Amino acid sequence: MTMKKKNDILSRLFGKEHRPQENKHNQPADADSGKSSDAGKGGGTGSVPGSDSGASGEAHYSDHNHNIAPDHTEDKYPRNGKDGKPEVDLSSGKYTKVWQGPNHPGVTGNMSLELTICGDEIVDAKTHVGYLHRGFEKLFERRLYMQVMPTCLRMCVPESDTNEYVFSEAVEELSGIEAPEKAKWLRMLVLEMSRLQMLLRVVPGQGGAFGLGIGVQWGMYVRELILDLFEELTGGRIYHMYMLPGGVRGDLPEGFRERAIKTMDEVYRFAQRIDDVMFNNSVFKKRATGTGYIDPSWVDRFGIVGPNARAAGYNRDVRKDHPYLLYDQLEWEVPVLEKSDVYTRARIRWMDMQVTADLIKQILNKIPEKGSFKAPTPNALNWRIPRGETYVKAEASRGEFGYYVVSDGSAYPRRITLRGPSYTHAIALLEKMLIRTNIADVGAIMVSLQTCPPEIER
Amino acid sequence: MSKLKDILSPFTAWNNLARDPVTIKDPINDRPGAARYRGFHQNDIEKCIGCGACESICETGAIRMVEVDEVETKEGDSGLRPEVDYGRCCFCALCVDICSTGSLTLSNEYIWVDEDPEAFTFVPGIDKKPWDNNQDGWKKPEPDYELNIKERVRMPEMQAEERENSFVEIVKGYSREQAIAEADRCIDCGLCQATCPAHMDIPDYIRAVREENLKEGFRIMYKTNPLPEVCGRICTHKCEDVCAMGHRGDPIAIRWLKRYIADSVDENEYQEALQQENPKDKDKSIAIVGAGPTGLSAAYYLALMGYSVKMFEAQPRAGGMMRYGIPEYRLPYNALDQDIDYILSLGVDIQYNTRVGKDITLDALHEKYDSVLVGTGLHAGKSTRIPGTDHEHVYQAVDLLREFSKGNEIPISEKIVIIGGGNVAMDITRTLARLQNQKYGQVNITTTSLETEDVMPADQEEIDEAREEKVNLKPGWGPQKIEIENNKIKGLHVQRCLSVFDENGRFNPQFDESQTDFFEGDMLIEAIGQGMDISYLSKSIRDGLDFTQRGRLVVNDYFQSKQEWLFIGGDIIQGPDVIHGIANGHKAARGIDMYLRGDLRYE
């Protein structure tokens, strides 16, 4: 695609807001981030992760100097110990420990934050998981491959389809089966619909985290319309159980195409309205701008992916970087912004939402009328998958989401493990980001990272 | 930094005050599930066969197969029906997708309120529910959506031109990959095992194929059937008739999988594979009359139980109908011998060329042995008794097959007419076709039967293969008269047969006299069934036996006759086929054991 055409697509959707494509961070994830990152961007005086002084593993704890750090005197913050972590002297009377979660409106699921605060400012943060362990990965080892399907999607409730897809694709890859073309299109449709319904929750949800409830209701309404479409196509609203190894479980119902395209208009309309009440809202802007800054140099060190990386100037999207299914047949461009704060991340998702609606329309027009939607597969009760292992990834609304599947040649998986973006976003990254933020912003920062504890504890 | 716009813009939310609400006022009534919605279960009880595939696939363990009063267990129906526990069900509908008959579906109903938590465990279709007749909801997507392979793995076979003058076995046998692929199709329902006369543990030996544990499979087969090489080739496979996979596709090729296991064990590996201990002290002795499937099967189990077994066989070799009735291209003699040799190796003594009733009397056996088992089979061909059947060139199929198997010359003419629609008719037809090919270089055989092709008792594959071998099949004609000129057979006059059986299921053929035909031939063979020859039963013995009004011998469940020392089994009691014979032999062996221990009386 020519650059002009690329920019046409994005400018049609977002005017001049979209960041130009000549992106200095647009490089493979395994590149040495320390050298490529813009060390001066932080605007602070101290060391920057990845720079020479901060090359050790614990160095990020000494880095408290980024552009949103409030004014302070050095005495206010505990000094770092040898392990690079703040040494908090609780007997000094200056600090208080509070727990946020595991049940708290300000956390995004069942996990807990152990916060050490000084006044209303956080000086140390520890993330705790372990409240949600359901043992899915172990359960899989006692399930036939086909039986894994209805279980695996429960690992991430709000966006279950990505689980279905990566699992099915992994099984297909190991057993040398290819889903028919139509199934691939239908899978893309469902994946994008799934992304869309997720974004319809998170985009206004960012406002909700700051107390702006109104957009949430609107988003939920449009999301329900998407769920109606899901119900028609897959037979389920939340757990679709639509993709399975070999293909999908049904063709497009009659008239679905037209109804879905019409529903997309609601999405655009919602985008406009949320733009008015949330993104152009002085209170929201004040709370979100500059809050929860992610230094671009952290992106590779912390394995930051998806919108969180794209809001920090990284053009990173599995659909583009490692195209799967038939994504390379669609015309679209990945939105990238630079400011890397809560506002920007919400904005990126807002842009994603519209790009997704656009993709859904493209896909609907490209799904072939004829053809099979499932390849023949062996008896589901005796399906032994050849010995092997694979990692299959896809772009979830939160970023790269993958399954590592190991088969020992039997009818039961030897090991299936999920690597979701929240694994770092909600643990190591969150711990780092929370330091020197206000306790009132914790919830908003978690929402802006779109953390999902279920994918941490499988 | 805030602009005026940022202060005013949020107030656009007030626009909504002028809009209609989008909420549904009465969701219970106004919001039915989508046409494909996965709601509550429905089950068509008549269609369901209780195979339990739904239970096997259910990953939450929500489905349990239970006995229900409304359904009776019968062949091809386990009598069980799925009970669903909505405390566990996740509504994935994999149960629907894998259902072998398509009886299980989901309605699009999704609201069910009940005070009793137990109510949510129910048997769909049996426990009546308001959604039972709901047409919408999740049905198995058609047409090309399957969670199993519908087609069986094709058995490699000799092509018609290769086999038409050869007696080499037609069926070549599965390769390892083919056998495993076919075994993979099995859903382990066990309907086959219930139907098999010998109740062979079919699901387990299929599993052994899948797991490549063939010696284990071999041991499993020998538990209920000591003639697996034979059954793996010529069994009438009642199991396949009831196979759950047969409802929407091809049944599992159970017979070919059995053959695959049997063939995988070499003759000299039997002892090692079966690891059977043959008891040395044999204080009681049993005489077996007839070394066919019944006799051999009984001999095997009796020998292992520690009895001294002596068999008496009228023919020069053992096997009975398996050797003297079934052509070599279906059952090669080496396969048969492999099975028989192992049974004889257990110390079973056999006396050939001894016809009981002629060379030795049954009473003599009774005196000398503790118990006697008779399995003499049906070796006497039946005649149509139409005019002309007394001609010297009218033969009985069984007689020709026997003579040919013995290696004797049998008469073959250029044009042959055969009467019969069963497997024996096909056997003689195809045997003679080969011989005609060898002698005359062409086939000219007309095989006619009363039954039309759809109800012909012969296996469909036999019919198809006979056609491939250029036999002229004429089903649906009733023989009326043999045309004889100058003492030479000219052919057979036939009339169109309208029906074979009357309403009561009695043999009572009806003909349309206006439709006639004439099949030319200079030799005629009857293959319309066989009768038993029980002339060896002396009057004193016979008087002590029970017969039905139609002259059939009566025995109890263990094939014990009213003369309690005498057990009778095989084709003369049940069948006629090999597997019934084997099953009878096994059961009779247990009966004899019980009888000799004093635990069995004829009642």
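Of the listed pairs B:Lys415/B:Lys439; B:Lys406/B:Lys481; B:Lys382/B:Lys488; B:Lys150/B:Lys172; B:Lys282/B:Lys539; A:Lys126/A:Lys432, which have alpha-carbon separations greater than 20 Å here?
B:Lys406/B:Lys481; B:Lys382/B:Lys488; B:Lys150/B:Lys172; B:Lys282/B:Lys539
Taking amide H atoms as placed 1.01 Å from N in the peptide plane, list the residues 5 or more away in sequence, or in a different chain, whose amide H sits under 5 Å from that of B:Leu600.
Here the answer is B:Tyr595, since their amide H atoms fall under 5 Å of that of B:Leu600.
Compute the distribution of all C-alpha to C-alpha distances in segment B:382-530, in bins of 5 Å from 0, and list the percent of pairs in each, rounded to whole numbers.
Percent of Cα pairs in each bin: 2, 10, 20, 23, 22, 14, 6, 2, 1, 0.
I'd like the Karplus ³J(HN,Hα) series for segment B:112-118: coefficients 6.51, -1.76, 1.60, θ = phi - 60°, whole numbers in Hz, and an x wherever there's a Gly or Pro.
Computed from phi, the couplings for segment B:112-118 are 8, 10, 8, 6, 8, x, 5 Hz.
Would you mind classifying segment A:136-437 by shape? Square roots of the alpha carbon gyration tensor eigenvalues, ordered a ≥ b ≥ c; an a/c under 1.5 is rounded, otherwise it is prolate if a/b is larger than b/c and oblate if not.
Oblate, because a/c is 1.5 or more while a/b does not exceed b/c.
So, by mean Cβ neighbours within 10 angstrom, what's the order for A:240-249, B:161-170 with the highest one leading?
Ranking, from highest mean packing down: A:240-249, B:161-170.
Where the only charges are on Cβ atoms (+1 Lys, Arg; -1 Asp, Glu), what is the dipole of chain B about its Cα centre, to the nearest 20 debye?
Computed about the Cα centre, the dipole is about 340 debye.
Take the Cβ-Cβ distance between B:Lys284 and B:Arg542 as r, set R0 to 30 Å, and report the resulting FRET efficiency rounded to the nearest 0.05.
With R0 = 30 Å, the Cβ-Cβ based efficiency is 0.70.
Over all pairs of distinct alpha carbons, what does the Kirkwood formula give as the hydrodynamic radius of segment A:118-226, in Å?
Hydrodynamic radius (Kirkwood, Cα only) of segment A:118-226 equals 17.1 Å.
Just the accessible area per residue of segment B:160-273, please: how many Å² with a 1.4 Å probe?
With all protein chains present, segment B:160-273 gives 35 Å² per residue.
Want the number for B:Thr361 to B:Tyr333: 0.36 nm per residue separation, take away the alpha-carbon distance, what's left?
This chain segment gains 7.1 nm when fully extended.
I'd like to know which of B:Gly476, B:Gln510, B:Ala425 lies farthest towards the positive end of the charge dipole of chain B, counting +1 on Cβ of Lys and Arg and -1 on Cβ of Asp and Glu.
Going by the charge dipole, the pick is B:Ala425.
Distance between Cα centroids, segment A:172-204 to segment B:97-124: provide it in whole Å.
Value for the Cα centre distance between the two parts: 29 Å.
With unit charges on the beta carbons (Lys and Arg positive, Asp and Glu negative) and the dipole taken about the Cα centre of the protein assembly as shown, which residue among B:Val242, B:Asn213, B:Thr384 sits farthest to the positive side?
The Cα lying farthest towards the positive end belongs to B:Asn213.
Please state the Cα pair-distance histogram of segment B:521-599 with 5 angstrom bins from zero: what percent is in each bin?
Using 5 Å bins, I get a P(r) of 3, 13, 21, 22, 18, 10, 5, 3, 3, 2, 1, 0 for segment B:521-599.
How crowded by other chains is A:266-273, given as the mean number of beta carbons from other chains within 10 Å of each beta carbon?
Taking all residues of A:266-273 together, the mean is 1.
Among DSSP beta bridges lying fully in segment B:382-530, give the percent that are antiparallel, nearest 5.
Expressed as a percentage, antiparallel bridges in segment B:382-530 total about 55.
Computed over the Cα atoms, what is the radius of gyration of the protein assembly as shown divided by 2.2 N^0.38 Å, N being its residue count?
Cα Rg divided by the expected 2.2 N^0.38 Å: 1.28.
Using the alpha carbon gyration tensor of segment B:93-209, what are the three equivalent-ellipsoid semi-axes (square root of 5 times each eigenvalue), largest first, in whole Å?
44, 18, 12
Show which lysines lie in cross-link reach of A:Lys339 when reach means a straight Cα distance below 16 angstrom and same-chain residues fewer than eight apart are skipped.
Partners found: A:Lys16, A:Lys24, A:Lys41, A:Lys285, A:Lys286.
With a Förster radius of 51 Å, plug the Cβ-Cβ distance of A:Ile261 and A:Lys82 into 1/(1 + (r/R0)^6) and report the FRET value to the nearest 0.05.
Efficiency, rounded to the nearest 0.05: 0.25.
Just to verify a number: FRET efficiency for B:Ser413 and A:Asp408, C-beta to C-beta distance, R0 = 60 Å, to 0.05?
0.40
Probe radius 1.4 Å, ligands and nucleic acids left out: can you give me the accessible area buried at the A-B interface, summed over both chains, in Å² to the nearest hundred?
The A and B chains share an interface burying roughly 3700 Å².
Pop out the carbon and sulfur fraction of the accessible area of the protein assembly as shown as a percent, whole number, probe 1.4 Å.
47 percent
Suppose we keep just the DSSP beta bridges with both residues in chain B; what percent of those would be antiparallel, to 5?
Antiparallel bridges make up about 50 percent of those DSSP assigns within chain B.
Place the peptides B:35-46, B:415-426 in order of packing, highest mean first, counting for every residue the other Cβ atoms within 10 Å and averaging per peptide.
B:415-426, B:35-46
Report the gain in length on full extension from B:Gln460 to B:Lys368: 0.36 nm times residue separation, minus Cα-Cα distance, nm rounded to one decimal.
28.4 nm
Per residue and in Å³, how big is the convex hull formed by the alpha-carbon atoms of segment B:160-273?
114 Å³
Which part of segment B:314-330 falls in the paramagnetic zone of B:Asn353, meaning amide N under 13 Å from the point 7 Å along Cα-to-beta-carbon?
B:314-317
Please compute, for peptide B:18-25, the average count of beta-carbon atoms on other protein chains lying within 10 Å of each residue's beta-carbon.
Partner Cβ neighbours, averaged per residue: 1.
Using modelled backbone amide H atoms (1.01 Å from N, in-plane), which distant-in-sequence or interchain residues come within less than 5 Å of B:Ile418's amide H?
B:Thr446, B:Thr447, B:Thr448, B:Ile525
Output wanted: per-residue J couplings in Hz (rounded whole) for segment B:369-385, from phi through Karplus 6.51 cos²θ - 1.76 cosθ + 1.60, θ = phi - 60°, x for Gly and Pro.
Result, ordered by residue: 10, 6, 7, 10, 10, 10, x, 8, x, 10, 10, 9, x, 9, 10, 6, 6 Hz.
Using +1 at the Cβ of each Lys and Arg and -1 at the Cβ of each Asp and Glu in segment B:1-89, identify which of B:Ala34, B:Gly79, B:Ile7 lies farthest towards the dipole's positive end.
B:Ile7
By a straight-distance test (C-alpha under 17 Å), which aspartates and glutamates pair with B:Lys280 as possible cross-link partners, with residues fewer than eight away in the same chain excluded?
Correct list for B:Lys280: B:Asp349, B:Asp593.
Across peptide B:90-100, what mean number of C-beta atoms from other chains lies inside 10 Å of a residue's C-beta?
Counting Cβ atoms of other protein chains within 10 Å of each residue's Cβ and averaging gives 4.
Can you tell me the dipole magnitude for the protein assembly as shown around its Cα centre, using point charges on the Cβ only (Lys, Arg +1; Asp, Glu -1), in Debye to the nearest 20?
Dipole of the protein assembly as shown, to the nearest 20 debye: 3200 debye.
So if the hydrodynamic radius of segment B:27-122 is defined as the Kirkwood radius over C-alpha pairs, what does Stokes-Einstein give as its diffusion coefficient at 37 °C and 0.692 mPa s, in µm² per second?
Estimated via Stokes-Einstein, D reaches 232 µm²/s.
Give me the extension gain from B:Asn504 to B:Gln442: residue separation times 0.36 nm, minus the current Cα-Cα distance, reported in nm with one decimal.
18.0 nm
To the nearest Å, what is the center-to-center distance of segment B:252-298 and segment A:254-273, using C-alpha atoms only?
71 Å
Whose amide H sits under 5 Å from the amide H of B:Lys490, counting only residues 5 or more places off or on another chain, with H placed in the peptide plane?
For B:Lys490, whose amide H was placed from the backbone, the distant partners under 5 Å are B:Glu483, B:Ile484, B:Glu485.
Return one quarter of the surface area of the convex hull spanned by the alpha-carbon atoms of chain B, equal to its mean projected area, in nm².
Average projection, Cα convex hull of chain B: 43.4 nm².
To check you understand DSSP bridge types, tell me what percent of the beta bridges within the protein assembly as shown (both residues inside) are antiparallel, rounded to 5.
So the antiparallel bridges amount to about 65 percent of the total.
Across 10 Å bins from the origin, how do the percents of Cα pairs in segment A:389-457 run, short distances first?
The percentages, shortest bin first, are 19, 39, 25, 12, 5, 1.
When the helices in the protein assembly as shown are scored as -39500 (n - 2.57) per DSSP H run of 4 or longer and the sum is shared across all residues, what 222 nm value do you end up with, to the nearest 500 deg cm²/dmol?
Calculated from helices alone, the mean residue ellipticity at 222 nm is -9500 deg cm²/dmol.
Would you give the gap between the C-alpha center of segment B:406-453 and the C-alpha center of segment B:61-94, rounded to a whole Å?
Taking the Cα centre of segment B:61-94 as reference, the centre of segment B:406-453 is 50 Å away.
The values are calculated or read from the model by the stated rules, or taken from the named source; none is laboratory data. What you see is a predicted model, and the numbers here were worked out from it, not measured in a lab. Please note: Cβ atoms are built from the backbone with ideal geometry, for glycine as well, and neighbour counts cover all protein chains shown. Just the protein is used for accessible areas: all its heavy atoms, side chains included, with ligands, DNA and RNA removed. Shrake-Rupley method; radii C 1.70, N 1.55, O 1.52, S 1.80 Å.
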